[in-house]
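Novice: To start, I am sharing the structure in question, which I have written as C-alpha cells.
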Amino acid sequence: MTDCCIIGGGIIGLSIARELAGRGLSVRVLARDASRDTASWAAAGIFPPAPDFAAASANDRLTAYSDRLHRSWAEELRAETGIDNELGQCGGLHLARDDRGVARLREAQSSWHSKGTRCDWLTGTDLAIREPALRAAVEQGRLQCGLLLPDEMRIRPPQHLEALKQSCRMRGVEIVPAAEVRAIDVADGRIEGIRIARSGGGLATETIHSDRYCLAAGAWSGDLAALLGLHIETRPIRGQIALLRLPEQVLTRVVNVGLEYLVPRDDGRLLVGSTIEDAGFDKATTPLVIERLIAFAHHVLGPLPGAVLEQSWAGLRPGSVDGRPFIGAAPACSNAFVAAGHFRAGLHQSTGTAVLLADLMTGRTPALDLAPFAPGRRPEAGSPDSVQAYLARAAEASAG
Ligand SMILES: Cc1cc2nc3c(=O)[nH]c(=O)nc-3n(C[C@H](O)[C@H](O)[C@H](O)COP(=O)(O)OP(=O)(O)OC[C@H]3O[C@@H](n4cnc5c(N)ncnc54)[C@H](O)[C@@H]3O)c2cc1C
C-alpha cells in the first residue's frame, strides 16, 4: 500500500510523482507504454514566452507559473541525475509567408504585447541579418517578415523525461513498466483498488492499493475517467515530426511559420514539426506528411545540402474542448485526482501542474486558483486554445 498511485508515466505523471516523493510520500507510477510511445517523448519542446503572471487567462497563469518552475527544476534535475534537459532561452521567430500570414502576425503581436511579452517586428532584411539561413527565402519572396520573441525557450523532451524518471527513482518512486490499468474498483465514493494487467500476463490482473490515486494518462485519460463515472474529454490529436541531421547547425532560434516549426538542436539536428490531425488513437507516421514537413524545411531554409532524415515519429496530444487541462479532485470520488488534457502545452505546463496537484493531494492550498481547471466543469467550446480551433486552423492551412 502506497500513499499515492499515479496512472501514467508521461511528463505529467512523472512530474507529479517526483513532486510528491520530494514531499516524503511513497509513490507508485503505473505506465503502460515505453517512454518513446508517449506524447511527452514525441514533443518538440518549444516553450513560448511566459505571459505576465497577471495576464488574463487561467491557462496563461498556469504557463507562467510552470515556466518559472522549469528553470529551477532543470538545475535540480541536472544536479540530481547529471542529465541536462537542454532548457535554454534561444528566442523564437514567428514568420509570415504571405499577406494572410502578415495579418496573423499583426494580431499575434498585439496579443503578445497585451500579455506583457517582449516582441519585436522584423522586416525581411532584419530577418536575414538575425538568421542568415533565412536570407534566400526572404530574397526569393518565400518569407515576408516576422516577429522576434527573445524569451522563447526550448527543452529536449527525451532528456527531460529520462531525468525525471531517474530523479523519481532516486526519491524512492516505484515505476511499474508495462502495467495497463484495466479496471478501477470504486465503493462508497472511494477508489478501493486498481486492477492492472502486465504485458505478457495474458488476461490475469492484479490489484494495486493506495491511499490516493491520480489519473494522468494523457489522451487515454477520458476512457479511464469514465470508470470513475467522470466525463472528461481528452481527444487524441496526432502530431508528426521529422528529425533531420545536418552537417552543421544553420539556425540559432526556433522558427515558427503558422502551425509548423523548426527547432534547432545543439548537436546539429533539426526537428521539423508538426501536424494537428484527428486520427483517433493511431500514432503511425505517414510518408506524405513527412515529405510535406521536409518540403517545409526547404521552403524556409533552401536546399540544405548533406541533410539526412534521421528519424520520424508521431505522438498523440491529449486535447481538451476548452483548451484548458483538467487538474483537480475527481468530483464523486474522495481519493481520486486528475491531471490530463494539456493538449499542445503539456511539457510547458507540467511543472506547475505537478506542484499544484501535489498541494491539493497533500492538503495544502495551491498557489493558483484551480477552479478553471476543475475536472467536473462543463467545458465551453470557442476558446482559441481548443482542439476545435486548432483543427480548423490546420484545415485552413492545408486548403490554402
Ligand atoms: C508532435 C507533438 C509536439 C508537441 N510539442 C510540444 C511543445 O513544443 N511544448 C509543449 O509544452 N508540449 C508539446 N506537446 C504536447 C505534450 O507533449 C503533451 O501535452 C504532454 O506530453 C502530455 O503528457 P501526458 O503525460 O499527459 O501524456 P503522455 O505523454 O501521452 O503519457 C500518458 C501516459 O499514460 C499511460 N497510460 C495510458 N493509458 C494507460 C492505462 N490504461 N494504464 C496505464 N497507463 C496508461 C501511457 O502509457 C503514458 O505513460 C507536443 C505533443 C506532440 C504530439
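Novice: May I ask you to derive the relative contact order of the chain, considering only C-alpha pairs under 8 Å and at least 6 residues apart, and to give it as an integer percent?
Specialist: 22
Novice: Okay, next question. Projecting each Cα onto the charge dipole of the range 271-400 (Lys/Arg +1, Asp/Glu -1 at the beta carbon, about the Cα centre), which of 360, 372, 397 comes out farthest on the positive side?
Specialist: 360
Novice: Please label the shape of the range 89-161 as rounded, prolate or oblate, based on the square roots a ≥ b ≥ c of the eigenvalues of the alpha-carbon gyration tensor (a/c under 1.5 means rounded; beyond that, a/b larger than b/c means prolate, else oblate).
Specialist: oblate
Novice: While we're here: From the phi angles alone, apply the Karplus equation (6.51, -1.76, 1.60; θ = phi - 60°) to the range 242-256 and give each ³J(HN,Hα) in whole Hz, x where the residue is Gly or Pro.
Specialist: 10, 10, 9, 9, 10, x, 8, 5, 10, 10, 10, 10, 5, 10, 10
Novice: Along Cα→Cβ, 7 Å out, is where each label goes; now give me the distance between the ones at residue 231 and residue 57 in nm to one decimal.
Specialist: Going from the residue 231 label point to the residue 57 one covers 2.4 nm.
Novice: Considering the chain, what Rg and Dmax in Å follow from its alpha-carbon atoms?
Specialist: Here Rg and the maximum Cα pair distance are 21.1, 69 Å.
Novice: Work out the length of the dipole vector of the range 47-206 about its Cα centre, built from +1 on the beta-carbon of each Lys and Arg and -1 on the beta-carbon of each Asp and Glu, and round it to the nearest 20 debye.
Specialist: The calculated dipole for the range 47-206 is roughly 220 debye.
Novice: State to the nearest 20 debye the size of the charge dipole of the range 279-384 about its Cα centre, where the only charges are +1 on K and R beta carbons and -1 on D and E beta carbons.
Specialist: 140
Novice: Magnitude of the Cβ-charge dipole of the range 115-251, K/R +1 and D/E -1, about the Cα centre, nearest 20 debye?
Specialist: Computed about the Cα centre, the dipole is about 240 debye.
Novice: Output the 0 to 90 degree angle, nearest 10, between the alpha-carbon long axis of helix 287-301 and the longest principal axis computed from the alpha carbons of the chain.
Specialist: The answer is roughly 50 degrees.
Novice: Residue separation times 0.36 nm, minus the C-alpha to C-alpha distance between residue 183 and residue 80: what's the value?
Specialist: 33.5 nm
Novice: A further question follows. What is the helix-to-structure angle for 350-361, meaning the angle in degrees between its Cα long axis and the longest Cα principal axis of the chain, kept from 0 to 90 and rounded to the nearest 10?
Specialist: 20
Novice: Count the DSSP beta bridges whose two residues both fall in the chain, then state the antiparallel fraction as a percent rounded to the nearest 5.
Specialist: In the chain, DSSP labels about 70 percent of beta bridges as antiparallel.
Novice: If you add up the charges near residue 194, with Lys and Arg at +1 and Asp and Glu at -1, over every other residue whose beta carbon is less than 11 angstrom from its beta carbon, what do you get?
Specialist: Residues close to residue 194 contribute a combined charge of -1.
Novice: Around residue 61, with a cut-off of 12 angstrom between Cβ atoms, what is the net charge of the other residues, counting Lys and Arg +1 and Asp and Glu -1?
Specialist: Neighbourhood net charge equals -1.
Novice: In nm, to one decimal, how far is the residue 332 label point from the residue 113 one, both placed 7 Å along Cα→Cβ?
Specialist: It works out to 5.0 nm between the two label points.
Novice: Next question, about the same structure. May I ask for the angle, rounded to the nearest 10°, between helix 99-114 and the longest principal axis of the chain, with both axes built from Cα atoms and the value confined to 0 to 90°?
Specialist: 50
Novice: Still on this model: Counting only residues 5 or more places away or on other chains, whose amide H sits under 5 Å from the amide H of residue 335 once H atoms are built in the peptide plane?
Specialist: It is 191, by chain and number.
Novice: Another one. Place the peptides 19-25, 181-187 in order of packing, highest mean first, counting for every residue the other Cβ atoms within 10 Å and averaging per peptide.
Specialist: Put in order of decreasing packing, that is 19-25, 181-187.
Novice: Still on this structure, I have one more. Taking the beta-carbon count within 10 Å as an exposure proxy, list 347, 228 from fewest neighbours to most.
Specialist: Fewest-to-most Cβ neighbours within 10 Å comes out as 228, 347.
Novice: While we're here: If amide hydrogens are placed 1.01 Å from N in the peptide plane, which non-local residues have theirs closer than 5 Å to the one on residue 234?
Specialist: Hits under the 5 Å cutoff: 222.
Novice: Restricting everything to alpha-carbon atoms, can you work out Rg to Rh for the range 76-228 with a Kirkwood hydrodynamic radius?
Specialist: Taking Rg over the Kirkwood Rh, I get 1.19.
Bear in mind these aren't lab numbers, they're just calculated from the coordinates by the rules spelled out. None of the values given here were measured: they were computed from a predicted structure. Cβ sites come from the backbone with ideal geometry, for glycine too, and all protein chains shown count toward neighbours.
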